[in-house]
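As structure tokens, the structure follows; a few thoughts come after it.
The values are calculated or read from the model by the stated rules, or taken from the named source; none is laboratory data. These numbers were taken from a predicted model, which means no experiment stands behind them. Note that we place each Cβ from the backbone using ideal geometry, even for glycine, and neighbour counts take in every protein chain shown.
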Amino acid sequence: MFAIKLENISKDFDDPNGKRVLALKDVSMEISPGEFFVIAGPSGSGKSTLLRIMSGLEKKYTGEVMVHQDHSRISFVFQQFALLPWLTVFKNVELGLVAQGIPKAKRKEKVMKELSEFGLADFADSYPRELSGGMRQRVGVARALVNDPKIVFMDEPFSELDSFTAQGLRKDLLELWRARHPTIVMVTHVVEDAVELADRIAVFTPQPGTIKKIVQNNLPRPRDTRSSDFYRLEDELYELIKP
Ligand SMILES: Nc1ncnc2c1ncn2[C@@H]1O[C@H](COP(=O)(O)OP(=O)(O)O)[C@@H](O)[C@H]1O
Ligand SMILES: [Mg+2]
């Protein structure tokens, strides 16, 4: 059974000079339920475009996207946090629940539980501008998870963070994935992230983006980021990604 299945996805854009840019070419793959799936590749290889297609944000493409009906509750974590600056942390996280018609008391309970899990309970009434980048991205992740999505799409969620903050968030994300087991589809250009987090890694070629190889990551969890096996897999991925 699959959570997401892609068949021959291609996508082109008209660039500002009126030229056609082929962003993705014939991408086919299957992502399993509960899998931590990483899409890695150089800048411009169509990773963000593919994530937008999979999640339904981008509707113009050729080929077929199938999302299993049991997995239709999805959410998205963006690189640029994408919080609403005029709303408090609480209200930002609550947004996803308002649209679902969940009663106020229940919303409060769910939001506060999510904020606690990400160490944000004391910041419920703060505004995004009062938080560090790391805290803001925690809010972004909490907002994505508050409605218990079956699939979480993440586009370079750590790339705006310093390495220390990113490390903390990766750890929290892994704990959460272990506890609730959503399917996670994460885009990154950071090889170390892929090796630490992924069950499988689809390595993309430069433009037009195609799958160069899907690499199985069998390193036992919790992963020792300083083991020789870890470095070996990092090397393998660097070799695949480098031009
Ligand atoms: N809205 C757009 N209009 C025109 N070209 C685009 C647009 N979005 C992406 N592209 C082009 O498609 C290619 C892939 O982009 P993107 O998916 O952002 O790659 P990645 O996320 O791997 O860096 C790039 O050449 C980019 O310039
Ligand atoms: Mg991108």
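Key figures
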| quantity | calculated |
| --- | --- |
| Exclusive hit being assigned to a strand (DSSP E or B), more than 9 Å from ligand 1 (Cβ to nearest atom) and over 17 Å from VAL203 (Cα atoms), set SER75, SER10, SER28 | SER75 |
| Single unsatisfied condition, MET154 versus (1) surrounded by 18 or more Cβ atoms within 10 Å (Cβ to Cβ); (2) touching a residue at least 60 places away in the same chain (Cβ under 8 Å); (3) in a loop (DSSP other than H, G, I, E, B) | (3) |
| Residue among ASN217, ASN147 that is surrounded by 17 or more Cβ atoms within 10 Å (Cβ to Cβ) and more than 19 Å from ILE31 (Cβ to Cβ) | ASN147 |
| Members of segment 37-70 found to be within 13 Å of ligand 1 (Cβ to nearest atom), under 24 Å from LEU174 (Cβ atoms) and part of a helix (DSSP H, G or I), listed by number | LYS47, SER48, LEU50, LEU51, MET54 |
| Options ALA3, ALA23: the member that is within 16 Å of ligand 2 (Cβ to nearest atom) and either modelled with pLDDT under 95 or within 29 Å of GLU236 (Cβ to Cβ) (or both) | ALA23 |
| Among (1) at pLDDT below 90; (2) surrounded by fewer than 15 Cβ atoms within 10 Å (Cβ to Cβ); (3) polar (S, T, N, Q) - the single one SER159 does not satisfy | (2) |
| Scan of segment 109-144 for residues that are over 24 Å from GLU156 (Cα atoms) and without any contact (Cβ under 8 Å) to a residue 12 or more places away in the chain, ordered by number | GLU109, LYS113, ALA121, ASP122 |
